[in-house]
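Student: Let me begin by handing over the structure; questions about it come next.
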Amino acid sequence: MDDDVASTRERTAALDALFADGGHEQVVAVAHEAARAGRRVALPEDLPAVVRDALRAAGVETLFGHQAATRDLLRRGEHVVIGTGTASGKSLCYQLAVLESFAADPSSRSLFLFPTKALARDQARKLNRFRLAGVTPAIYDGDTPREQRPLLRRSAGVLLTNPDMLHVGILPAHERWAEFLHRLRYVVLDEAHVYRGVFGSHVAQVIRRLRRLCRRYGADPQFVLTSATIADPGEFARRLVGLPFAVVDEDQAPHPERTVVLWNPPLEDASTGVRRSALAEAGHVTTECLLAGARVIAFAPTRKAAELLYGHVRRRLEDRGRRDCAERIQPYRAGYTPEQRRSVERRLFEHELDAVVATQALELGIDVGDLDVSLVLGFPGTVTSLRQRWGRAGRAGRGHAVLVAGQDALDQYFMREPDRLLGRSVEEAVIDLHNPGITGPHLEAAAYEIPLTPSDEEYFGTEGMVQAERLVQGGRLRRRGDESVWSHPYSPAHAVGLRTASREQFAIVEGDGGEVIGTVELERVFRFCHPGAVYLHLGHSYLVRRLDLEGRTVLVDDFDGDYYTQVKVDKNVQIAGQADMRELAGAVLFHGDLEVTEQVVSFQRRDLTDGHVLDTAVLDLPEQSFPTQAFWVAVPQATLDRALDGLSEGDERAGPGALHAVEHALIALLPLYAMCDRWDIGGLSTSWHWQTDVPSIFVYDGYPGGIGLSRRGYRSFESLATAARTLVAECPCEAGCPSCVQSPKCGNLNEPLSKPGAVRLLAALLG
């Protein structure tokens, strides 16, 4: 034991030296989170003896205060959302409820929904430890052999699945599940904060379909949601499920001491704002942590980045003569076989690995054992997600949580304003219940399951019933008395993917053999899968040989070239309706409906090493249009002229460049105010718009119908614009760089841009 203590002290000292504030120029800020003892209570005296024995057999002798509070609320018949931190024992909150349910009625059933298959497997393992008769977890997903499925429908006491399988495999076939639905006592949505944006808006409709079928079979289950810490979890749960929720958010589990470190790669060229590779920095930090004897989880933003970081760390360790250490790290991401992922999970949990390089697939509550360091490569888009990943460190002792900043504007904003990150409240998850592109298909699916009637307003609201009537008028549904029924013999659910707002999918087919390697949505196919595009899939590069619009296929070949591709997009926007407006100091701000028309007109081939343009190719692709929501700023020409007066006399690009740069800065920082990624947002700036009759900046939701992101931007515009001005003004570059006004997704290839013009224009808007 003494040796273990000494080793822990040496490891902690080495990590403290690595992350010392002022010890390295890369260390921007260091914060310390104190340990918390937590509060435990005795097992309730009224627990059934069989449940008490099951808990003790699994090593549970006491409950945390929030676990006991959840039990009390559930026993009163309330729906409950538990919004406590990572490793706070949220799973036991609903596991205990299920154990008691089976003790009282062995025929009762429970449904557990998880956003990933890995979580379902992890929870099945945890349920099995109780060894209570009847509480037999059964995983029902795409990997479940078909011959086993009838048995699971009949005998599964606890069914573990995901929203996608519920959507296409259970609800449309509800007659087969009649007995299960009749006896359904609890519905659990674990890691519910994942259900936001488009995915969450779909899942909200799936849950409403489930609730109406439960009523059909005489059940009224209680809902239990677990979530990472988010703003207003009760309101989020209400919108997701459509029922009132009691909230348990006072975390009474013990938490270890944690050191939080912000690490910024150093500038390599101050004039251009170019910094050393964030991936190389993350590789360096991970390597040094491993050499100090620490156990590490490193989160990468993409599958490719995870593979590259893993390879980088291995090479560094081998170069240092530590092949033994290099053999004890593994990558973990989607795209691996289930067996490969399970092997990594098991080896990490059983201390056979010292490090794992993972995508967000390991962010959620899979138990991977004790870790010393959690490193995050690039801000993951939300404070909620960042803290969830940081929470992986220090479960059994003091931990270190590290953010290695990328070149991205939002990352660099936090590096210059670390208190804006370290002291920032968690975000509110966004769900849109009225996007017709999402609600319409689910109304059709609901009508297929059982006919829609006026009483379904309870589930779908007044707007839903109005939309159902439009579906009748459009021939998608047909009237039968006071019922609306699906007009076709097939299930419409199969045509609706929960992770996109599009109904139309293109199959990506490799080579002449015709193997389908993936799919891409219609709204993304021209940007990423045009002829000549370099397409990345599972960390592998492919070259698009042909885009077949009629056959809805993308034909690709293996590619090992040294360039990547970037498209140029022409955009037009038409204001379809104004909902809100208010005066700014130097302009007018609006929010409303927008019709966006985009056309991919060309693409550039760029060198992988330095990004310089190799050549440009013209494309002949059709326009795409979609309705969405937006906020826009109408800037009087006089305001723009005053803001830019004396900036660059005679420069005709100053005005368009200032507008364009402000657009980019607003998009870069909007994720601070809406739980989203910059890739969820689109924009357009123009020196004159035919409807506003003045220079204008538009920022819109990048999904058909909109999902509420721009609405958050409208409500928080003054704060958003102030942060954007700080971002641009304090960036050390001379003419604008990826850390301030350049955007990796710009359809106009970042031309023109005026950094000084953006600073002046934002100041004019704010007064």
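Every number here is computed from the coordinates shown, using simple stated rules; none is lab data. Being a predicted model, the structure only gives us computed values, none of them experimental. Backbone-built Cβ (ideal geometry, glycine too); neighbour counts: all protein chains shown.
Student: Would you work out the relative contact order for region 505-561, in percent, from Cα pairs under 8 angstrom that are 6 or more residues apart? All intermediate terms of the calculation are to be shown ahead of the outcome.
Tutor: Working: 106 pairs, mean separation 19.4, N = 57.
For region 505-561, the relative contact order is 34 percent.
Student: For region 71-129, which chymotrypsin sites (Phe, Trp or Tyr not before Pro) are in a loop by DSSP, counting at most 12 other Cβ atoms within 10 Å? Provide the component values of the computation, followed by the final result.
Tutor: Details: sites: Tyr94, Phe102, Phe112; in loops: none.
Loop-located and lightly packed - none at all.
Student: 5 Å is the cut-off here: which amide hydrogens, built 1.01 Å from N in the peptide plane, fall below it relative to Ala533, excluding neighbours closer than 5 in sequence?
Tutor: Residues meeting the amide H criterion: Val544.
Student: DSSP beta bridges in the chain, what fraction antiparallel, as a percent rounded to 5?
Tutor: Working: 79 of 128 bridges.
Around 60 percent antiparallel, to the nearest 5.
Student: Let me make sure I get this right: for the chain, a, b and c are the square roots of the gyration tensor eigenvalues over alpha carbons, sorted descending. Under 1.5 in a/c it's rounded, otherwise prolate if a/b > b/c, else oblate. Which is it? Show your work: numbers first, answer last.
Tutor: Working: a/c = 1.61, a/b = 1.16, b/c = 1.38.
The shape class here is oblate.
Student: Would you please give the FRET efficiency between Thr453 and Arg320, computed as 1/(1 + (r/R0)^6) with r the Cβ-Cβ distance and R0 = 60 Å, to the nearest 0.05?
Tutor: Numbers: r = 70 Å, r/R0 = 1.16.
That pair, Thr453 with Arg320, gives E of 0.30.
Student: Reachable lysines from Lys755, Cα under 28 Å, same-chain residues fewer than 8 places away excluded?
Tutor: Lys568, Lys571, Lys745
Student: Continuing with this model, one more query. By count of other Cβ within 10 Å, fewest leading, how are Asp53, Asp620 ordered? Mind showing how you got there, number by number?
Tutor: Numbers: Asp53 14, Asp620 10.
Ordered from fewest to most neighbouring Cβ atoms within 10 Å, Asp53, Asp620 come out as Asp620, Asp53.
Student: Divide by every residue of the chain the summed helix terms, -39500 (n - 2.57) for each DSSP H run of at least 4, and state the resulting mean residue ellipticity at 222 nm, rounded to the nearest 500 deg cm²/dmol. Walk me through the intermediate numbers first.
Tutor: On the way: 24 runs with 268 residues, N = 767.
The helix-only estimate for the chain comes to -10500 deg cm²/dmol at 222 nm.
Student: Right, another one. When only DSSP loop residues count, what trypsin sites (Lys or Arg not before Pro) in region 393-465 have their Cβ near at most 15 other Cβ atoms within 10 Å? Let's see the in-between values first.
Tutor: Values: sites: Arg395, Arg398, Arg416, Arg420, Arg424; in loops: Arg395, Arg398, Arg424.
Counting only loop positions with at most 15 other Cβ atoms within 10 Å, the trypsin sites (Lys or Arg not before Pro) in region 393-465 are Arg424.
Student: For Lys117, give me every one of the lysines with a C-alpha distance below 16 angstrom, ignoring sequence neighbours fewer than eight places off in its own chain.
Tutor: Result set, ordered by chain and number: Lys126.
Student: To make sure I understand, if each residue's beta carbon is the centre and we count other beta carbons within 10 Å, what order do Asp370, Asp164, Asp122 fall in, fewest to most? List each step's numbers first, then the result.
Tutor: Values: Asp370 15, Asp164 19, Asp122 23.
Ordered by Cβ neighbours within 10 Å, fewest first: Asp370, Asp164, Asp122.
Student: Relative contact order for the chain using alpha-carbon pairs under 8 Å, separation at least 6, rounded to a whole percent? Don't jump to the answer; show the numbers that get you there.
Tutor: Values: 1591 pairs, mean separation 88.2, N = 767.
Computed over the chain, the figure is 12 percent.
Student: Check which residues have an amide H placed less than 5 Å from Arg275's amide H, if you skip close sequence neighbours.
Tutor: Correct list: Glu268.
Student: When a/c is below 1.5 the answer is rounded, else prolate if a/b is larger than b/c, else oblate, so apply that to region 126-193 with a ≥ b ≥ c taken from the square roots of the Cα gyration tensor eigenvalues.
Tutor: On the way: a/c = 1.40, a/b = 1.19, b/c = 1.18.
Verdict is rounded for region 126-193.
Student: What is the local net charge at Leu477, summed over the other residues whose Cβ is closer than 11 Å to its Cβ (Lys, Arg +1; Asp, Glu -1)? Display every interim value, and only then the final one.
Tutor: Values: positive: Arg470, Arg476, Arg478, Arg479, Arg480; negative: Glu444, Glu469, Glu483.
Summing Lys/Arg as +1 and Asp/Glu as -1 gives +2.
Student: Determine the shape class of region 436-495: with a ≥ b ≥ c the square roots of the Cα gyration tensor eigenvalues, call it rounded for a/c under 1.5, and otherwise prolate if a/b is greater than b/c, oblate otherwise. Let's see the in-between values first.
Tutor: Working: a/c = 1.43, a/b = 1.18, b/c = 1.22.
Rounded shape, in that the Cα axes give a/c under 1.5.
Student: Continuing with the same structure: Please give the net charge around Glu463, taking every other residue with its beta carbon less than 12 angstrom from that of Glu463, where Lys and Arg add +1 and Asp and Glu add -1.
Tutor: Working: positive: Arg470; negative: Asp432, Glu457, Glu469.
Local charge sum for Glu463: -2.
Student: Also: Restrict the search to region 56-145; then list the GluC sites (Glu not before Pro) that DSSP places in a loop and that have at most 12 other Cβ atoms within 10 Å of their Cβ.
Tutor: Working: sites: Glu61, Glu78, Glu100; in loops: Glu61, Glu78.
Of the GluC sites (Glu not before Pro), the ones in loops of region 56-145 whose Cβ has at most 12 other Cβ atoms within 10 Å are Glu61.
Student: Still on this structure, I have one more. Provide the net charge surrounding Glu78, with neighbours chosen by a C-beta distance below 12 Å and charges set as Lys +1, Arg +1, Asp -1, Glu -1. Display every interim value, and only then the final one.
Tutor: Numbers: positive: Arg71, Arg75, Arg76; negative: Asp72.
Residues close to Glu78 contribute a combined charge of +2.
Student: Each label point is 7 Å from the Cα along the Cα-to-Cβ direction; what then is the distance between the points at Asp570 and Trp690, in nm?
Tutor: The modelled label-to-label distance comes out at 1.3 nm.
Student: Here is a further query. How long is the gain from Thr8 to Ala178 if the chain were fully straight, where each residue apart is worth 0.36 nm and the alpha carbon distance is subtracted? Walk me through the numbers before you get to the answer.
Tutor: Numbers: separation 170, 0.36 × 170 = 61.20 nm, distance 5.52 nm.
In short, 55.7 nm is gained.
Student: Exposure proxy check: Lys571, Lys90 ranked by fewest other beta carbons within 10 Å?
Tutor: Working: Lys571 17, Lys90 28.
So the residues, fewest neighbours to most, are Lys571, Lys90.
Student: Give me a comma-separated list of calculated 3J(HN,Hα) values for region 480-495, in order, Karplus coefficients 6.51, -1.76, 1.60 applied at θ = phi - 60°, integers in Hz, x for any Gly or Pro.
Tutor: Once θ is set to phi - 60°, the couplings for region 480-495 become 9, x, 9, 9, 10, 10, 5, 8, 10, x, 9, 7, x, 4, 5, 8 Hz.
Student: What list of ³J(HN,Hα) couplings, whole Hz, do you get for region 169-176 from phi and the Karplus terms 6.51, -1.76, 1.60, once you set θ to phi - 60° and write x for glycine and proline?
Tutor: Computed from phi, the couplings for region 169-176 are x, 10, 4, x, 10, 4, 4, 5 Hz.
Student: Extension gain Thr722-Glu78, at 0.36 nm per residue separation less the Cα-Cα distance, in nm?
Tutor: Numbers: separation 644, 0.36 × 644 = 231.84 nm, distance 4.24 nm.
Length gained between Thr722 and Glu78: 227.6 nm.
Student: As a test, work out the antiparallel percent of DSSP beta bridges whose residues both lie in region 40-248, rounded to the nearest 5. Walk me through the intermediate numbers first.
Tutor: On the way: 3 of 25 bridges.
Around 10 percent antiparallel, to the nearest 5.
Student: Which cysteines does the chain leave without a neighbouring Cys Cβ under 4.7 Å?
Tutor: Cys93, Cys214, Cys289, Cys325, Cys529, Cys676, Cys746
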